[in-house]
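The values are calculated or read from the model by the stated rules, or taken from the named source; none is laboratory data. Source: prediction; values computed, not measured. With ideal geometry, Cβ positions are generated from the backbone for all residues, glycine too; neighbour counts draw on all protein chains shown.
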Amino acid sequence: MSYNNSHDLCSNLNQEQDSEFTQLADKAVSRRSFLTGAGVLGLGAFIGMSPITNSVQAAIRTKVKSQLIGFEPIVSSTADTVVVPKGYKVNNLISWGDPIFDGAPEFDPTGRAPASAQALQFGDNTDGMSLFPLSSDRAVLAVNNEYTNTDLLYDHKGDMISADDVLKAKNAHGVSVFEIQQTAEGWVVDRSGKLNRRITANTPMQLTGPAAGHDLLKTAADQTGREVLGTFNNCANGETPWGTYLTCEENFHKYFGTEDEAHSISAEQKRYGLKAEDKRYQWSKFDQRFDLAKNPNEPNRHGWVVEIDPMKPESKPLKRTALGRFKHENAALMVDDSGHVVVYLGDDERGEHLYKFVSKGKYDANDQSRNRDLLVDGTLYVAKFSADNGEQKGKGEWLELTFGKNGLTPDNGFNSQAEVLIYTRLAATQVGGTTMDRPEWVAVHPNKSSACCTLTNNKHRGKKEGQPVGGPNPRAGNKYGQIVRWAPMNGDHTATEFSWDLFLIAGNPSIHQEGLLAGSSNITTENMFNSPDGLGFDKGGRLWIMTDGKYSNADDFAGMGNNQMLCADPETGEIHRFLTGPIACEVTGLTFSPDQKSMFVGIQHPGEKGKPSHFPAGGNSKPRSTIVVITREDGGVIGA
Ligand code: FEO
Ligand code: CA
Ligand code: CA
Ligand code: CA
């Protein structure tokens, strides 16, 4: 979601006043120092990638093509459309409000359609998604519908919320699952697909793992602490080799509130951003489940990773408490050579943390039924980074978040593993995890040698207590973002030690000629962008970067245009712009057909906050979040 939207869920996350304001000047590191190979891109030598030499860096500037990337990069754009390179084409697959069942009502642009219609249609604000193949030309797509654009959802723009409006919003959230078919005209949604399903903020699901059944998860309606209704604010995603979809609950706190003035918000609730005020969604006025005074434990049942079987439309989604409770971005899952399942997890808030889960059990490729419970039990860790002499590289360790270890004891307020998981953020602080510049997506390189995480931006860096400048967070008031990369010790993702560097530091070299605001050496006036967010490797090892940043195209952001998607070569550090989105959108959500010849990309909130977008239909139409499919006119592999 866009951080620059004052109503937005990712904005205003830290409500407290800045304390102990310490203005720390950017370190005077010039772009020239990057070109010597110190700092950025210096990791290659120890993770088996080519070290960056001066000649390679010179090549980046003269746009010599990498071995991986074959398209002609595009310029930045402020046009109200999706632009892709020469030889590529764009088709719209589905937009908010399109029916996903036979006989369901068509989209009604007036905003007067009832909740019952939305329950049968694609939800709003498309985000993370995964494709599960059914055959060579058929698949099921599972897609997150993160939040709602209130001003577009209702004809009254949110000024007169009714009970049906609340239900309509709940039905526009969650996950949409639907079958798609490749035809001569491209991929289309099959509304008669037997696997088609809407999962909403009211769908029954089950809490599993160490925290399930704990008193802190019990409510008036659920004395078991195991049965919960719904998932919402599903940001990014993950997928498992046993064929399930992982949907990640991010800014769940925005949906709770209370009008009970006597109610006080606990310290734990404050750490998760919960407040009495509920002006935007107003769910608590019509559903007491969301009233903090009446159901103070209900928020504890959200902020989890949820596992969904897209092949079984009747199956109950499973909330996986072993993966911790925070504002989850995505769940980057890989199977380590040891057989353990490793899931990297970001907590997207200023000054929050990067996590890793390692399963207790091992993956069995020969019997998928044995893998179904791998996310029930395991060990959660938080990352601690250390830097060599102020450089943007160094070592790191994964600190275990296990009850009884590292100070996670009753003396410090932790009485069980369930409490460690329900209050993961507090546990991370207790053990000394590094506060980060808003960890968004993590992606693991297909050869398993390294992983990356987008650190999107952080206006509090260097200005707020506990968020010092340094290490992987090198800029005060970070407005552009960076991507941190790490290599696990001995290539073992279960290891507790790693080395890291910064793959890129976004910046604007046309405005800032010197220092960190100009960005790292692989950022040029041709490829510049801000606020990297979505991230994913394709099978070939190309790194795709999606942005959710400022689209003013002015001042510090001049020349960057609309939000966009870039393609990077992790070997050379080269970065090329591949796609630009329409006005006021975020580009988020990425998946491919198995042959890598169709790329599915999410265009979220075009025209947010009344900006003049009419994407995708044009004319005077209402802007709608849309999944687009990118293919090549010659039928080739995307990006190659
Ligand atoms: Fe939903 Fe952190 O983006
Ligand atoms: Ca967004
Ligand atoms: Ca973002
Ligand atoms: Ca995001």
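For the reader, a short list of remarks on this structure follows.
- In the set 424, 409, only one residue is within 29 Å of residue 267 (Cα to Cα), within 22 Å of the chain's Cα centre (by Cα) and not hydrophobic (A, V, I, L, M, F, W, C); that residue is 424.
- All of 315, 264, 284, 338 fail the test of being away from ligand 4 (no atom under 16 Å from the Cβ), surrounded by fewer than 23 Cβ atoms within 10 Å (Cβ to Cβ), in contact (Cβ under 8 Å) with a residue 24 or more places away in the chain and not basic (Lys, Arg), apart from 338.
- Check on residue 273, buried (at least 24 other Cβ atoms within 10 Å of the Cβ) and among the small types (Gly, Ala, Ser): no
- Residues satisfying the stated conditions in the range 448-477, i.e. away from ligand 2 (no atom under 16 Å from the Cβ), modelled with pLDDT of 95 or more and under 21 Å from residue 498 (Cα atoms): 450, 451, 452, 453, 455, 469, 470, 471, 472, 473, 474
- Those residues of the range 118-144 which are assigned to a loop (DSSP other than H, G, I, E, B) and polar (S, T, N, Q), in sequence order: 125, 136
- Counting the residues of the range 335-389 that are part of a loop (DSSP other than H, G, I, E, B) and either within 16 Å of ligand 1 (Cβ to nearest atom) or touching a Pro at 6+ places or on another chain (Cβ under 8 Å) (or both) gives 8.
- Residue selected from the range 229-247 under the condition of a type in the set (Val, Ile, Thr) and surrounded by 24 or more Cβ atoms within 10 Å (Cβ to Cβ), by the criterion nearest to ligand 4 (Cβ to nearest atom): 247
- In the range 192-220, residue surrounded by the most Cβ atoms within 10 Å (Cβ to Cβ) [restricted to those that are of a type in the set (A, V, I, L, M) and farther than 25 Å from residue 97 by Cβ]: 211
- Among the conditions (1) under 28 Å from residue 637 (Cβ atoms); (2) surrounded by fewer than 23 Cβ atoms within 10 Å (Cβ to Cβ); (3) out of contact with any strand residue (DSSP E or B) (no Cβ under 8 Å at 6 or more places or on another chain), residue 528 misses just one, which is (2).
- Flag for residue 81 being surrounded by fewer than 17 Cβ atoms within 10 Å (Cβ to Cβ) and either assigned to a loop (DSSP other than H, G, I, E, B) or in contact with a Phe, Trp or Tyr (Cβ under 9 Å, 6 or more places away or on another chain) (or both): no
- Scan of the range 436-466 for residues that are within 16 Å of ligand 1 (Cβ to nearest atom) and of a type in the set (Val, Ile, Thr), ordered by number: 442, 454, 456
- Flag if residue 103 is away from ligand 1 (no atom under 16 Å from the Cβ), more than 28 Å from the chain's Cα centre (by Cα), of a type in the set (Gly, Ala, Ser) and at positive phi: yes
- Residue match in the range 244-264 (condition: out of contact with any helix residue (DSSP H, G or I) (no Cβ under 7 Å at 6 or more places or on another chain), over 20 Å from residue 175 (Cβ atoms) and not in a loop (DSSP other than H, G, I, E, B)): no
- Which numbered condition residue 321 misses (of (1) without any contact (Cβ under 8 Å) to a residue 12 or more places away in the chain; (2) surrounded by 24 or more Cβ atoms within 10 Å (Cβ to Cβ); (3) of a type in the set (S, T, N, Q)): (1)
- Counting only residues that are within 16 Å of ligand 4 (Cβ to nearest atom) and out of contact with any Cys (no Cβ under 8 Å at 6 or more places or on another chain), the range 132-147 holds 3 of them.
- Residue satisfying all of: in the range 427-444; part of a helix (DSSP H, G or I) and within 23 Å of the chain's Cα centre (by Cα); surrounded by the most Cβ atoms within 10 Å (Cβ to Cβ) among these: 427
- Listed by first and then second residue, the pairs linking a residue in the range 508-523 that is over 13 Å from residue 556 (Cβ atoms) to a residue that is modelled with pLDDT of 95 or more, with Cβ atoms under 6 Å apart and 6 or more places separating them unless they lie on different chains, are 520/504; 520/505; 522/504; 522/573; 522/575; 523/507.
- Residue among 395, 327 that is within 16 Å of ligand 4 (Cβ to nearest atom) and in contact (Cβ under 8 Å) with a residue 24 or more places away in the chain: 327
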